[in-house]
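Step one of this worksheet: look at the structure below.
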Amino acid sequence: MPMPPNYVDLHCHLDLYPDFMSAVQDAERAAVYTLTMTTTPKAWPRNREVTEATHYVRAALGLHPQLVHERAHEISLWDQYLPEARYVGEVGIDAGPRYYRSLDLQKEVFVHVLQGCARHGDKILSVHSVRSAKLVLDLIELHLSPSKGKVVLHWFSGSASEAQRAIDLGCYFSINSEMMLNERGRRLVATLPIDRVFTETDGPFTRVNERTACPSDIVQTVETIAGVRKSSMENVKSDIVHNLRMLLEPRIS
Ligand SMILES: [Zn+2]
C-alpha cells in the first residue's frame, strides 16, 4: 500500500457506472482502497489499464455467476489473464430462481476458478454466494486451502452456522449497508470476529440517500457497522484498514 487509505470498498463495479473514470476518481479523492470487480474477463484489459497508475483502486478478474449461462466459454480468456491478476472477482455461485438453471455450469466454472487460483497461489477472491452458501463453502473447502488463497465472501446471506463454518475455513466478509437493513444481517455483523470484517458498496447495485452508492459512501457503512457492533467509528475504521494490510500481505507457501 503506497499511502494508508482512509476506508476500504472491497467489492464494487466501477466500470458499470455511467462514467467509469469519474467513479475511479471519486475513490482516489476519498482515499478509499477500492477493489473493482469485472463481470467478464473481456473487461479485464481496460480495467487493468485504468487502475495501473491509481493509488487506491485495484481491478479484479472475474466471470460473474449470473453471466455464466451465456459466457462460460470465456473461462479460457480468464485463464489467460490469471497470471497478471492478484485479485479475482466477481466469481461464485448464484442459486436464486433466475440463475438456477445454469447451476451445474456455474459449479463447473467456480471449481475451475478455485483450482486455477490454488495452482497460482496468493490470489484474493471476492465471492458471490446467493442462496448457495453451503455449496460455495463445500467447494472452497475442497479446492482452495487458506494457504493457497484468501476468500472474501461478498454480501453473505447464509445462516449463522454457515458463517461460523466460513470463519473456520479462513474466509473474510465484506459488508454493505443494505445487508444491515434486516435483523439477520445485523446479527451477522454484530457477531463476526472483527478481524474478518471488510466494507463494500457493491455499487452501482446499492443506493444511499436515494442515489447510487459510490466508494466515498463507505464512511456511512462504517458508521452503521459501528452502531450495530456498539463500537466507535474510529475503531471500526482502523480495524478495517488493519485487516486490509493483513489481507494484502503475500503468503509464501
Ligand atoms: Zn457485485
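The values are calculated or read from the model by the stated rules, or taken from the named source; none is laboratory data. Because the structure is predicted, anything quoted here is derived from the model rather than measured. As a convention, Cβ positions derive from the backbone with ideal geometry for all residues, glycine included, and neighbour counts pool all protein chains shown.
Here are some notes:
- Residue ID - farthest from residue 43 (Cα to Cα), chosen from residues in region 6-23 that are in a strand (DSSP E or B) and more than 13 Å from the ligand (Cβ to nearest atom): 7
- Filtered residue count, region 39-59, keeping only those that are closer than 21 Å to residue 176 by Cβ and touching an Asp or Glu at 6+ places or on another chain (Cβ under 7 Å): 4
- Single residue of region 55-76 satisfying the filter (in contact with a Phe, Trp or Tyr (Cβ under 8 Å, 6 or more places away or on another chain) and more than 16 Å from the ligand (Cβ to nearest atom)) that is farthest from residue 13 (Cα to Cα): 69
- Against the test of being among the hydroxyl-bearing types (Ser, Thr, Tyr) and either on the phi > 0 side of the Ramachandran plot or in contact with a Phe, Trp or Tyr (Cβ under 7 Å, 6 or more places away or on another chain) (or both), the options 87, 81 yield a single qualifying residue, 81.
Here's the yes/no breakdown for (1) surrounded by 13 or more Cβ atoms within 10 Å (Cβ to Cβ); (2) in contact with a Gly (Cβ under 9 Å, 6 or more places away or on another chain); (3) closer than 23 Å to residue 202 by Cβ; (4) at pLDDT 95 or above:
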{"site": "214", "(1), (2), (3), (4)": "yes, yes, yes, no"}
{"site": "225", "(1), (2), (3), (4)": "yes, no, yes, yes"}
{"site": "229", "(1), (2), (3), (4)": "yes, no, yes, yes"}
{"site": "237", "(1), (2), (3), (4)": "yes, no, yes, yes"}
{"site": "240", "(1), (2), (3), (4)": "yes, no, yes, yes"}
{"site": "244", "(1), (2), (3), (4)": "yes, no, yes, yes"}
{"site": "249", "(1), (2), (3), (4)": "no, no, no, no"}
{"site": "253", "(1), (2), (3), (4)": "no, yes, no, no"}
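- Selection of region 155-205 for residues being small (Gly, Ala, Ser) and in contact with a Lys or Arg (Cβ under 8 Å, 6 or more places away or on another chain) yields 157, 158, 160, 170, 190.
- Check on residue 193, closer than 27 Å to residue 32 by Cα and either surrounded by 15 or more Cβ atoms within 10 Å (Cβ to Cβ) or among the hydrophobic types (A, V, I, L, M, F, W, C) (or both): no
- Considering region 146-162, and only residues there that are more than 16 Å from the ligand (Cβ to nearest atom) and under 17 Å from the mean Cα position of the chain (by Cα), the residue that is nearest to residue 8 (Cα to Cα) turns out to be 150.
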